[in-house]
Amino acid sequence: MTVAKTGTGPLAGVRVVELAGIGPGPFAAMLLADLGADVVRVDRPGGGGLAIDPAYDVTNRNKRSVLVDLKSPEGPARVLELAERADVLIEGFRPGVAERLGVGPEECLARNPALVYGRMTGWGQEGPLAHTAGHDIAYIAVTGALGMIGSPEGPPAVPANLVGDYAGGSLYLVIGVLAALQHARTPGGAGQVVDAAIVDGTAHLTAMIHGMVAAGGWQDRRGVNLLDGGCPFYGTYETSDGRYMAVGALEQQFYDTFVRLLGIADEAPARKDLARWGELREAVAARFKARTRAEWTEVFEGTDACVAPVLSLGEAPHHPHLAARSTFTDFGGITQPAPAPRFSATPAAVVSGPARPGADTESVARDWDVPGLTGKGS
């Protein structure tokens, strides 16, 4: 079933072409689609990328899809026709591939000088590793981010693909695209290329930590600092039922509430005595092991102790606060995060499920006036 694009968010009216890929590119395009942009995903015949059923690929929600074989004689022309009518184009090929296919920045900007051409890669468009393969874990490894995460007694902990692909990649691509779009729409402005490299974005995320290292307030090793689990009142603790509570009682007033509700206010060593942090950690851990996660949640819920239960992905949508805010939504039988952030005048919404490859060719050909997509024009 073809669904017409009816975006109502702040980007309603903005047209985006997404050259199909995996990981951060599709997620960035989903963000733009969630905010109301008309995102047309150019899928390749036969599919590609990770083996996920398109019906469940939430990163392709709120989009439309057309099929174009970029290696066919007419394929590049179809993409250039879309680019000519678009405000933004996003691609995630290795450097030089889009150029070889005939849909690189030079060709697209020649057809549409106001186009924002967003390039999403791991290593960037230049540098010794630019043409080599990689994934999130490698990108965050070389930036120092991965080395900060985990216990000092064990190997670095892998934070799924959230830190590199999505935080250092997708979010920086979206920021860059929106900034470039603003420039293109100002008097005297023009389109341009946005080079969003995961290594650049992830490194940028560590700015505060680098400042703390320079000031002597952060040791360049994991699990011994204020925000990396080294601090006994900023970390996670196991409960009697094998689950966990997260503690973030950094400020004195919050810490005072925390130790009082935990029941160790009279026995806890001074929190500023780093030599006794080990002792404090043991005291906190012992208390948490005395009750279940549900029991501790009841103790701390609604207080300023800065303590929360560690929930699974399946549990999170049912948390009372998240449920009250509708942080998650159900659409097409899939429970998924609702669009974020929120806007008072131009609310965003999930209006269509994951785009099926090629399902929207007719509507896009009509709405964007590109009859060649259907083989009925040139």
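The values are calculated or read from the model by the stated rules, or taken from the named source; none is laboratory data. A quick note: this is a predicted structure, and the numbers were derived from the prediction, not measured. As a convention, Cβ positions derive from the backbone with ideal geometry for all residues, glycine included, and neighbour counts pool all protein chains shown. Ligands, DNA and RNA are excluded from the accessible area calculation, which covers all protein heavy atoms including side chains. Shrake-Rupley method; radii C 1.70, N 1.55, O 1.52, S 1.80 Å.
Just need a number here: residues in the range 115-134 that are open to solvent by 50 Å² or more (accessible area, probe 1.4 Å) and in contact (Cβ under 8 Å) with a residue 40 or more places away in the chain. Step through it out loud before you land on a result.
The initial filter retains those residues of the range 115-134 that are open to solvent by 50 Å² or more (accessible area, probe 1.4 Å), namely 126, 128-129, 131-133.
Filter again for in contact (Cβ under 8 Å) with a residue 40 or more places away in the chain, leaving none.
Of the residues in the range 115-134, 0 are open to solvent by 50 Å² or more (accessible area, probe 1.4 Å) and in contact (Cβ under 8 Å) with a residue 40 or more places away in the chain.
I need every pair where a residue in the range 348-362 that is among the polar types (S, T, N, Q) has its Cβ under 7 Å from the Cβ of a residue that is surrounded by fewer than 22 Cβ atoms within 10 Å (Cβ to Cβ), sequence separation at least 6 or different chains.
If the second residue must be surrounded by fewer than 22 Cβ atoms within 10 Å (Cβ to Cβ), the pairs left are S352/V3; S352/R61; T361/L67; T361/T374.
Residues are listed down the side, and each one gets a yes or a no for (1) farther than 18 Å from L109 by Cα; (2) part of a loop (DSSP other than H, G, I, E, B); (3) at pLDDT 95 or above:
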site	(1), (2), (3)
A141	yes, no, yes
G144	yes, yes, yes
G154	yes, yes, no
A160	yes, yes, yes
Y166	yes, no, yes
S170	yes, no, yes
L173	yes, no, yes
L178	no, no, yes
V193	no, no, yes
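Out of E18, E74, I need the residue that is surrounded by 23 or more Cβ atoms within 10 Å (Cβ to Cβ) and touching a Gly at 6+ places or on another chain (Cβ under 8 Å). Which one?
Matching residue, one of E18, E74: E18.
When the residues of the range 187-210 are narrowed to those that are farther than 30 Å from D220 by Cβ and open to solvent by less than 50 Å² (accessible area, probe 1.4 Å), which ends up nearest to the chain's Cα centre (by Cα)?
V194
Collect the residues in the range 301-316 that are among the small types (G, A, S), open to solvent by 40 Å² or more (accessible area, probe 1.4 Å) and more than 20 Å from Y234 (Cβ to Cβ), keeping them in residue-number order.
G302, S312, G314
Tell me which residues, restricted to the range 285-299, are open to solvent by less than 80 Å² (accessible area, probe 1.4 Å) and either more than 33 Å from the chain's Cα centre (by Cα) or modelled with pLDDT under 95 (or both).
A286, R287, A290
Select from the range 78-98 the residues that are open to solvent by 30 Å² or more (accessible area, probe 1.4 Å), among the hydrophobic types (A, V, I, L, M, F, W, C) and touching a residue at least 24 places away in the same chain (Cβ under 8 Å) and list them in ascending order.
Passing the criteria: only F93.
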